[in-house]
1. Answer yes or no: is there a residue in the stretch C:137-159 that is among the hydrophobic types (A, V, I, L, M, F, W, C), within 17 Å of C:Leu79 (Cα to Cα), at the interface with chain B (Cβ under 7 Å from one of its Cβ atoms) and not in a helix (DSSP H, G or I).
2. Please specify each residue of the stretch B:122-145 satisfying the condition of being closer than 13 Å to B:Leu17 by Cβ and without any contact (Cβ under 8 Å) to a residue 60 or more places away in the chain.
3. Restrict the check to the stretch B:189-196 and report whether at least one residue is under 30 Å from B:Arg107 (Cα atoms) and within 13 Å of another protein chain (Cβ to nearest Cβ).
4. Within the stretch A:88-106, can you find the residues that are more than 8 Å from chain C (Cβ to nearest Cβ) and at pLDDT 85 or above?
5. Just the residues that are within 11 Å of another protein chain (Cβ to nearest Cβ) and among the hydroxyl-bearing types (Ser, Thr, Tyr), please, taken from the stretch B:21-37.
6. Working only within the stretch A:51-72, note down all residues that are within 20 Å of A:Thr6 (Cβ to Cβ) and basic (Lys, Arg).
7. Looking at B:Ala200 and the list (1) within 15 Å of the chain's Cα centre (by Cα); (2) of a type in the set (Gly, Ala, Ser); (3) at the interface with chain C (Cβ under 10 Å from one of its Cβ atoms); (4) in a helix (DSSP H, G or I), which single condition is not satisfied?
8. Looking at the stretch B:251-266, is at least one residue within 19 Å of C:Arg155 (Cα to Cα) and more than 14 Å from chain C (Cβ to nearest Cβ)?
Amino acid sequence: MSGRGTALRIERLSKHFRGVQALRDVSFVVPRGEIVGIIGPNGSGKTTLVNAITGFVRPDHGSIWFDHRDLARMPPHAIASAGVVRTFQTARSYHVLSALESVVVALYSPRARGFDARGRWGERASVAMDLLEEVGFERDSFVPGRGAAALPQGYLRRLELARCLAVHPEVILADELFSGLSPAEIASVVPLMDKLRSDGVTLVLVEHRLRELFRIADRILVMREGRLVHEASPRELIRDDAFRELYLGEEVADASD
Amino acid sequence: MLGVLVYGFVNSLILALTAIGFSLTYGISRIPNFAHGAFYVLAGLFTWLLLNHLGVPLVGAMAIAITLNGLLGAALYRGVLVRVRGIPLAEVIVTFVIGIAALEALRYFGLVGANYGLPGLASGRVDVLGVPVDGQRLVIVVVGLTTGVLLWLVSHRTRWGLALRAIAQDEEAAMMVGVNADHAATLAVGLGAALAAVAAVVIVPLSYVAAEAGGTVLVTSIAVCIVGGLGSTMGVLAGSLLIGYTQTLSVELFGPHLQMIVALLAILITLIVRPSGLFGQQKALEERV
Amino acid sequence: MRRKERIDRPIKVLTDGIYALSSGRHLLYLLGPRVAPVLILIALVVAVPNLYIQRVIAIAAVYALLALSWDFLAGTTGLISLGQALFFGVGAYATAIGNTLLGLPPVVSVLVSPVVAGAFCTGLLVPCLGLRGIYFSMTTLVYPLLLARVVEATRVLGGTDGILGVAPLAPWLERSIVVVMLLGGVIALRRLLATDLGLVLRAIGDDDLAVHASGIDVKRYQIIAIFISATLGAFAGAYFTHLYMVVGISAFALDLSILPIAAAVLGGIGTLVGPVLGAMILVPLSEAARDLGSLRMVVYSVLLVMMILWKPEGFLSFFRRKYEQVERWVDV
């Protein structure tokens, strides 16, 4: 493993909902500055894992170590303030707030320092505009002023990323960031991921779109029925015949070329 | 002491019977029916009218009132609530305001005080554990227990009971396997109103048909649901027993005027110590991610 | 097929930017709807000597404050109160205690006790913030009714007799303070909503999970909003108590909860000005229809449900649209 240390250490995480065991004793380590992909069939516990790490679901057992702190008992806003942020599966955007405004709200977070406490519209708005531009919104177009709910999928996902970036994240957990995007839209998001990695941000991507994931991920974790069943590099996984037949079909085979 | 035991139980069942409709409607459809109290009073009025103006025998009048209430509840959903479904602000305001409108209209037309009584199903007194209990209170106990058992059987042993429970747990998933959410919600509001009528026809004979009762019924239903945990049937039972016994005990020790303080304290203590209630799972965050 | 098309009036477009300063007509177009109502209200207070009309204006302002307080909470942060009577009643009793028991002068009491009452109400409501929104509505519905019964049963604070002999405000203060508070409240809340803090409050009403995810402590901002709203509502109650020099359990009455909601729905939820407008329409109507007694509540209720079903945007947005846009039918 690279010498840059550990971003997240998950230890024996478990969670059950009304008799369904969503997570069973999941343990793994996310090295700092890497892109880790989590895959698995529907209902294998991927989203619950993201929810548990970010505090939206309280785990029954286990701990989540980040920066010598156990996130497992912290509320979501405290976890985000610590630097572990997330996107949502169904891009959680506001209905009445515009794209620009929703980034301004994120900039109100205590982690987004450098603003006076009761700042008026203006200072934050210009920083928010810069952030939107960074993720690929056109400055001076009508798009940032649009109600976020009326944005096309591609913009919505990038808006989610901009809201994450607003709080200077150390770890981003992205739940199905690529789903619903066209190949062209994905191609516009991927360079952003590379840039984040080179800035030292750790990324955990929960994905169904394996082809794109395998191109950018350093490690892949495979989940099944709430358990972590496999951990390997994308290259190793693709070479693994049994895995290929079970999970991938032929689609990903050419991704390693 | 035995008196507290017996009367506390009767009191608890009265609370449970009034609250179960509110809880059930919310549990299935996530609609808070703040018109619950109005439905309770209306059922009393229907029974009184059927008895005194149409000469329907008591049991028949009760059955008709329960049916009428159920239809009225379903009509409330079909006619009004369906248009604002999914907008919490509108759902809350509309049910609350319709309830108030109905009760105030009844008050205006003189349905107040001790003018309109309903006869009970049973009279006389029976000794229970050496404590004399009047017949109507025993009827309440029997009806309350029967209702509980029936509800459990329907929800756990029949096909549409299971469908309703499925929709209560996960609406989207249930819709995918072919449960119609609109039908379920119609049924939920109708069933809640019918249960308010069941409570009314056996409890009102202890007092009178009066608009004031509507507010009390709504307040105690909410109190029971907060203490027990909203949407949970076990919670209704637990909340009723807790408030019912504490109230009976407070009457025994300090006289009748502290009952409302007991309810208020029960709510306050629950919210501070265990906000989601004894059996509740209504945490804001976990439910929606 | 035909559909209705709406386009901005030329003058609206012209006054959007800095060009509004270019002519008196444009300035008037811009300032008219903002300044005229204020002037009318002040003129009514200053110029009308009739005591009965003064009283109606004062009561309308009291309900307008309650409606404003309701709308700030519901329209911004999405917390739906079904018991503005809680804020009103606690404020009313607080100033009565402050004035009669602690001997504070009326002016001090009417200004200080709402803050205390606001903090008290916030304390009562905070425990249900971690739960689904419906718990907030349920507890606000239950508290005023229970508090009234508690006062009645325990005979504390005067029991059913209430607290008599609350000192009145000086006549000029009595006339002006409520209107000043109302106008000040509207302006202050509108400015608050225009700041980044206001944006956060609106975001919470819009989607609180997304706010959580940005590392913002939602509960803290909800508490701020509840405190502001409760203090405004409590002032309404405190002022009312000094107006009538008495407080009783009717300070927790249901119509204090219903009328503000009706006013807000009528005027337009989330607009702040709309609910005030709504109260200014409803209260005089309600005074005129005194003979109807409890049937008035039925009338409000029916009106309210019809508005929610058919004109959920409220009057204010409707007027605004007519003012700013022209409509015409076009063939598609």
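1. Here is the first cut: in the stretch C:137-159, the ones among the hydrophobic types (A, V, I, L, M, F, W, C) are C:138, C:141-142, C:145-148, C:150-151, C:153, C:156-157.
Right, trim to within 17 Å of C:Leu79 (Cα to Cα) and you get C:138, C:141-142.
With at the interface with chain B (Cβ under 7 Å from one of its Cβ atoms) added as a condition, the list becomes C:138, C:141-142.
Pick out the ones that are also not in a helix (DSSP H, G or I) and you get none.
No, every residue in the stretch C:137-159 fails to be among the hydrophobic types (A, V, I, L, M, F, W, C), within 17 Å of C:Leu79 (Cα to Cα), at the interface with chain B (Cβ under 7 Å from one of its Cβ atoms) and not in a helix (DSSP H, G or I).
2. Residue satisfying the conditions is B:Val142 alone.
3. Of the stretch B:189-196, the ones under 30 Å from B:Arg107 (Cα atoms) are B:189-196.
Still in the list and also within 13 Å of another protein chain (Cβ to nearest Cβ): none.
No, that holds for no residue.
4. Of all residues in the stretch A:88-106, those more than 8 Å from chain C (Cβ to nearest Cβ) come to A:89-91, A:98-100, A:103.
Correct list: A:Ser98, A:Ala99, A:Leu100, A:Val103.
5. B:Tyr26
6. Matches in the stretch A:51-72: A:Arg69 only.
7. B:Ala200 satisfies all of (1) within 15 Å of the chain's Cα centre (by Cα); (2) of a type in the set (Gly, Ala, Ser); (3) at the interface with chain C (Cβ under 10 Å from one of its Cβ atoms); (4) in a helix (DSSP H, G or I) except (3).
8. First pass over the stretch B:251-266, keeping only residues within 19 Å of C:Arg155 (Cα to Cα): B:251, B:253-265.
Next, only the ones that are more than 14 Å from chain C (Cβ to nearest Cβ) stay: B:253.
Within the stretch B:251-266, one or more residues are within 19 Å of C:Arg155 (Cα to Cα) and more than 14 Å from chain C (Cβ to nearest Cβ).
The values are calculated or read from the model by the stated rules, or taken from the named source; none is laboratory data. Please read all numbers here as calculations on a predicted model, not as lab measurements. Neighbour counts run over all protein chains shown; Cβ positions are idealised from the backbone, glycine included.
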